[in-house]
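Every read-out reported here was derived from the displayed coordinates using simple, explicitly stated rules and does not represent laboratory data. No experiment lies behind these values; they were computed from the predicted model shown. Cβ coordinates were reconstructed from backbone atoms using ideal geometry, including for glycine residues, and neighbour counts include every protein chain displayed.
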Amino acid sequence: MRNSIKILTILLIATIFSCGQKDKSAKGLAENNLTKLNVDKEKQEKIINEHLKNGAWKHELYSRQWQEEIDKGLAKDSTIAYLWQQKAMPMFKQGKYEVGMEFIDNAVKYDRQRWQDYRAFIKCIFAKSYREAITDFQDCKKRFGNNYVMDHTYDFYIGLSYLQLNEFEKAEQIFQKDYEYQLKDKGEDGLHHLDLFYFGISKYEQKDYLGAIKIFDKALKIYPDFSEVQIFKADCLRKIGKTEKAKELQKLGEINGRKGNTINEDNVIYERYPYQIRWY
């Protein structure tokens, strides 16, 4: 019995000592990694200068040379998130979403705070994988708050994703919350016409035509020739019996649409945005 107790005591001491050594090792490893990352910052900047600024960027965006130069940089250090993002970006603009997503996943792996919201944006606007976009943006919110990417809040894209999933009530709730957030954050003058357009659409899809008109009017105050807003507002007017006003606004919306007064986001040259009308 005494021998058993001695053995158990020895094993317990050995276990405690082992855990202590592991803790020290883990702490040392963390410190070593931190030092390594600090050293790598300088090395990474040299690689970026050589293979991106003086490499890929000197070639056409969709060329093989663009990809090959970035690959040379990644061969030297595969943990440079910016290189992975620059490798992914042309793929998305060419509609090669699956290929691009593999690359952007690596960018997020090595620098989540910088690139996760960009990946979520790509899922929403380019790849149109809306449920994945919602999950990504919700995770971004938990980690970093309701920040902005490509001029819009994370909640804007979450609301837009629900809109595209035909979950209109959820979309409206998100847009309402985001509207109030932006009023508090930037004031009336800081509201964005596209945010208001989709907020209005969430009401329009639920047949709240008066509510939609009220929001559409706010969008038109910012962007008076916004053709999509004019067209959808005209339909609202038609639905509530104001047919003459609807005809006038419909005609004006068509004129403005053909003039190019449509959704004016930077990435609209690559992707048609939700509810954007084709004028050709």
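Centroid-to-centroid, using Cα positions, the stretch 162-226 and the stretch 45-105 are 37 Å apart.
Charges were assigned to the Cβ only: +1 to each Lys and Arg, -1 to each Asp and Glu. The resulting dipole of the stretch 141-238 about its Cα centre is roughly 200 debye. Count Lys and Arg as plus one, Asp and Glu as minus one, and take only other residues whose Cβ is under 13 Å from that of LYS128; the net charge is then 0. Between LYS239 and ASP151, the simple spin-label model (points 7 angstrom out along Cα→Cβ) gives 2.7 nm. Spin-label model, ASP225/ASN267: points 7 Å from Cα along the beta carbon direction are separated by 2.6 nm.
Amide H contacts of ASP225 (H built 1.01 Å from N, in plane; Pro and chain starts excluded): no residue 5 or more places away or on another chain comes under 5 Å.
Shown in residue order for the stretch 66-78 are the 3J(HN,Hα) couplings computed by the Karplus curve 6.51 cos²θ - 1.76 cosθ + 1.60 at θ = phi - 60°: 4, 5, 5, 5, 5, 4, 4, x, 5, 5, 7, 7, 7 Hz (x for Gly and Pro).
With +1 assigned to the C-beta of every Lys and Arg and -1 to the C-beta of every Asp and Glu, and no other charges, what is the dipole magnitude of the chain about the Cα centre in debye, to the nearest 20? Don't skip to the end; give the middle numbers.
Numbers: 47 positive and 42 negative charges, 126 e Å.
My answer is approximately 600 debye.
Computed from backbone phi, the HN-Hα couplings of the stretch 110-120 come to 9, 7, 4, 4, 7, 10, 5, 5, 5, 4, 5 Hz, rounded to whole numbers (Karplus: 6.51 cos²θ - 1.76 cosθ + 1.60, θ = phi - 60°; Gly and Pro given as x). Against the main long axis of the alpha-carbon atoms of the chain, helix 193-204 sits at an angle near 70°.
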